[in-house]
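Colleague: Before I ask anything, let me first share the structure, which is written out below as structure tokens.
Where a number appears in this text, it was derived from the coordinates with a stated rule and is not lab data. Since we're looking at a predicted model, the values are computed, not measured. A quick note on method: Cβ atoms are made from the backbone with ideal geometry, for glycine too, and the neighbour counts reach across all protein chains shown.
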Amino acid sequence: MDSVDLNVLRSVLEWRRAGQRVTLYSVVQTWGSAPRPPGAMLALREDGMVIGSVSGGCIEDDLIARLHDGRLPQDGPPVQLVTYGVTREEAARFGLPCGGGDCLVGDVGDRRHQERHRPAAEKAVSSHCAGERLSQSLCAVVLAAGQGSRYRQAAGAGQDKLLASCQGRDRVVRPVIEQVLKNLPALLARRVLVTTPDRREVIALAEAYGCQVVLLDSPGMGDSLAAAVGACTDASGWLVLLGDMPFILPSSIESVARGLGERMIRVPVHDGAYGHPVAFGAAFGQALQGLSGDRGARPLFAAGQVVEVELADAGVLWDVDVPQALVFTG
């Protein structure tokens, strides 16, 4: 989330505390050449004051018109979805030459409605601001240098499991490594992916999802961890994900990442078993850089405060070791 959107949230909170009605619009999905990304925000105050932006100007006019025409939600659910540009006809009707996007509409309604929803609004602002701090400090590390020997034995020596197609939790078919990258929450803006130089498609996907790519000839997990942490030593912590675990929900990743302390290790637990991702606080940077070969980070658990994060998400245990594991049944 950029500073403009944070200012929108702060203004909304101030306006609501002052007793004014506010409608908050946030982009939740885009397609085509939409100029603003998901998460972009615009707030309309009841007197017509506007802050923020959800497009390059093509959608704002219609949102303002909704305010002036009395078409804002007064009754019913406080959150409503407004869609722009799904078809060419709609794009022409709304005058949207710059593409389309879904806008999430939240209206505080009248004063009683406002008082009822203010705690949730304040909690949301606090969560967003905490997430912004998280995105600026924690580094997501994706390990994708392993050779996947078990998978190759079953599928063929030339088959790379990271590029095998599978249907994600969102029912969209993508390569395994792209599912992993897609599941990274937007709050984790700092990302490092470690892979081997010969995996050109993996490298291209990683760069497309905003990762710094570290090339490594060794398939050892210890070598990968050391190289990744060495590429972002100034981070306040490292969230380690495996490139062959495509079914972890983004909400599970956020749950593990949040609240990470300097000497803390946060690990997801499902049905009594430890899974991934695992978050390491800043105090473990030197130890992580000291790993080598196939030696992973599990021995570090004895040196820190291990916080078990109970999750109902079976994806935190599901890795693609064999072709049959490409179908998630958790």
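Colleague: Show me, for region 242-255, the HN-Hα J-couplings you get by feeding each phi into the Karplus relation (A = 6.51, B = -1.76, C = 1.60, θ = phi - 60°), rounded to Hz, glycine and proline as x.
Modeller: 9, x, 10, 10, x, 10, 7, 5, x, 5, 5, 4, 5, 4
Colleague: From the backbone phi of region 287-295, what are the Karplus-calculated ³J(HN,Hα) couplings (6.51 cos²θ - 1.76 cosθ + 1.60, θ = phi - 60°) in whole Hz, Gly and Pro given as x?
Modeller: Per-residue couplings from phi come out as 5, 5, 5, x, 6, 7, x, 8, 6 Hz.
Colleague: Here's another thing I want to ask about it. Mind jotting down a quarter of the surface of the convex hull over the alpha carbons of region 163-209, in square nanometres, one decimal?
Modeller: 3.4
Colleague: Moving on. Please rank His68, His270, His276, fewest neighbouring Cβ atoms within 10 Å first, as an exposure proxy.
Modeller: Working: His68 10, His270 19, His276 22.
With the fewest neighbours first, His68, His270, His276 line up as His68, His270, His276.
Colleague: For Ala303, what is the net charge nearby, where nearby means another residue's Cβ is under 13 Å from its Cβ and Lys, Arg count +1, Asp, Glu -1?
Modeller: Net local charge, Ala303 excluded: +1.
Colleague: Would you give the gap between the C-alpha center of region 276-306 and the C-alpha center of region 222-236, rounded to a whole Å?
Modeller: 11
Colleague: Another one. What percentages, rounded to whole numbers, describe P(r) for region 137-326 computed over all alpha carbon pairs with 10 Å bin width beginning at zero?
Modeller: Values per bin, smallest distances first: 10, 39, 39, 11, 0.
Colleague: Net charge near Ala154: determine it from the other residues with C-beta under 10 Å of the C-beta of Ala154, scoring Lys and Arg +1 and Asp and Glu -1.
Modeller: On the way: positive: Arg150, Arg152, Lys161; negative: Asp321.
Taking every Cβ under 10 Å from that of Ala154, the sum is +2.
Colleague: Rounded to the nearest 5, what % of DSSP beta bridges with both residues in region 137-326 are antiparallel?
Modeller: Details: 11 of 33 bridges.
If we restrict to bridges inside region 137-326, about 35 percent are antiparallel.
Colleague: Please go through region 158-256 and write out the chymotrypsin sites (Phe, Trp or Tyr not before Pro) that DSSP classes as loop and that have at most 12 other C-beta atoms within 10 Å.
Modeller: In loop regions of region 158-256 (DSSP not H, G, I, E or B), there are no sparsely surrounded chymotrypsin sites (Phe, Trp or Tyr not before Pro).
Colleague: Let's test the formula: R0 of 25 Å, r as the Cβ-Cβ distance of Arg152 and Arg200. What FRET efficiency results, to the nearest 0.05? Could the numbers behind the result be given before it?
Modeller: Working: r = 18 Å, r/R0 = 0.72.
Computed FRET efficiency for Arg152 and Arg200 comes out at 0.90.
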